[in-house]
């Protein structure tokens with residue numbers, strides 16, 4: 001007799017049998033356990049929450065950073081008659097209201113959100129009244145500080161799942177090493193026996209690593225594409241300008257190629273993605289912004305024009321090839337000259353210790369309860385926004401601070417009826433309250449501006465009542481409501497013994513992360529230079545041991561290769577004099593050796609942008625020299641200028 005899983009699989013998804021690992025994961029969830037699923041890209045992770053969502057009461061909340069994945073999955077589910085929606089910034093006010101109405105009424109089976117959605121106080125308030133049967137977290141490796149794509153918002157997801165009473169958690173990823181999977185299970189309280197990992201090895205993928213000289217890379221790529229069987233392909237590059245240049249080069253050679261990167265407008269990116277999905281032989285030249293969540297089964301080739309930044313990124317990107325099981329080529333054009341740019345991304349995330357001390361002093365000079373703008377903090381202390389969020393998360397995890405619900409400082413609303421018509425629908429105290437609230441708003445040309453905190457003080461009420469009233473009026477289509485100026489609440493739990501000591505501790509932690517990321521990059525070079533089966537080494541990196549060589553990687557077919565060392569130019573003697581002249585003009589702006597190194601290597605920061613130094617002729621003057629070598633030079637010159 002078929003199980004509930006098999007019956008639902010046939011009825012709603014048209015399959016007769018689940019793929020490897022799916023049955024075990026879904027059975028654990030239906031029995032009330034939390035679970036982790038480590039399946040390769042295209043291995044059927046999404047079914048592990050889509051099918052149980054139909055068999056469990058309440059809603060399944062899917063947390064994913066991939067908007068493209070949300071859209072594609074929702075379209076597919078809707079076509080099958082399954083009620084699924086998403087909440088993201090692209091929704092209109094009417095669409096947002098419709099989703100929230102479905103969520104509250106219990107008619108929604110699956111709701112997709114990005115992890116940042118939990119920063120929205122309106123959303124978090126709504127979740128408190130919802131029965132969440134399953135809390136599914138995609139790209140769960142992002143929760144691990146030592147994973148390849150750590151995101152501080154993920155560290156808080158386990159707490160949110162508990163806060164909102166989620167009955168079970170499902171953590172999903174395609175790229176978890178053994179230590180990262182252990183991290184996932186620990187942080188989400190998943191028993192080791194409930195972590196299901198399927199095989200990493202895919203016999204239809206040819207792993208090709210080709211050491212190249214930068215001057216020959218275009219020709220080698222062109223030859224490879226022309227010699228490969230016809231089919232769709234993705235060419236991955238590091239920089240947006242490289243995507244444009246390579247796409248132009250391929251198009252000039254009469255190949256159907258288009259560029260895709262985060263610098264394009266949303267509608268153009270969508271056009272390129274839809275064109276690629278429909279084409280039989282389209283070539284997209286893209287930064288890593290492309291491909292996340294794109295489910296196209298017949299991609300015949302993945303080319304890495306530039307080095308990937310880690311084995312995890314590399315495996316995630318090549319896993320998009322050959323999902324139909326047919327042969328596919330994964331070719332890396334390995335050039336050590338790419339290292340400077342990739343290393344600079346890593347080094348640019350490490351703030352100097354003085355910036356950290358400034359931040360810590362600022363935070364602990366506040367009162368016991370305070371709120372901050374991350375944008376303002378980032379600019380004031382010269383720390384990149386994502387790094388700042390990571391540092392604040394560290395302080396929370398170390399019990400220095402407790403994060404509260406973020407809130408919007410500024411509300412705007414546009415009446416859809418006259419104020420008299422709106423007020424006529426209410427009586428007594430509620431009518432008087434709304435009339436007084438409307439009088440607190442300052443009218444612009446079309447929109448009314450309202451500071452909820454000040455209005456609460458003036459009206460002797462709570463901010464929560466004001467927000468609830470505005471939300472309700474918005475849902476009833478009496479007002480159109482917009483929010484801005486997000487601020488993050490914190491409560492100080494304890495004072496550090498020494499702000500300087502805490503800053504030093506955080507700096508050492510950031511340097512440790514920096515070292516780990518540089519090591520990850522070195523692992524890519526080691527794969528190219530490897531004297532052994534590259535496929536087996538990749539499999540072992542993700543916890544799968546194989547005994548026999550694959551027979552279809554570069555080493556198996558041609559033997560050991562060697563990537564040429566990068567070309568390193570010397571720093572000319574005249575640079576320091578130019579720097580000295582600039583420092584005299586700027587005062588203390590470039591006094592710190594690390595900030596000076598970032599400037600000379602062309603790595604932007606909030607401070608360099610604010611002081612308009614990113615447009616100076618010296619900005620990026622030494623971008624062809626490794627960061628660590630420039631840093632040693634800068635430290636020597638800064639400490640001993642003569």
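What follows is calculated from the coordinates using simple rules that are stated; it is not laboratory data. Fair warning: this is a prediction, and the values are worked out from it, not measured in the lab. Note that we place each Cβ from the backbone using ideal geometry, even for glycine, and neighbour counts take in every protein chain shown.
Above 23 Å, the calculated P(r) of segment 33-129 contains 22 percent of its Cα-Cα pairs.
The calculated pair-distance distribution of the chain uses every alpha carbon pair, bins of 20 angstrom beginning at 0, and gives 16, 46, 33, 5, 0 percent. As a size descriptor, the averaged projected area of the C-alpha convex hull of segment 407-491 was calculated at 5.7 nm². Going by Cα centres, segment 465-484 and segment 173-199 are how many Å apart? After rounding, the separation between the Cα centres reads 41 Å. By the count of neighbouring beta-carbon atoms within 10 Å, fewest first, 296, 460, 71, 515 end up ordered 460, 515, 71, 296. Projected onto its three principal axes, the C-alpha set of segment 4-197 covers 44, 40, 28 Å, listed from the longest axis down. Reported to the nearest whole Å, the Cα centre-to-centre distance from segment 548-578 to segment 37-55 is 39. The calculated 222 nm mean residue ellipticity attributable to helices in the chain amounts to -13000 deg cm²/dmol, summing -39500 (n - 2.57) over DSSP H runs of n ≥ 4 and dividing by all residues. Cβ crowding within 10 Å, taken as a proxy for footprinting-reagent exposure, orders 569, 180, 481 from fewest neighbours to most as 569, 481, 180.
Taking other Cβ atoms within 10 Å as a rough exposure proxy, 556, 550 sort from fewest to most as 556, 550.
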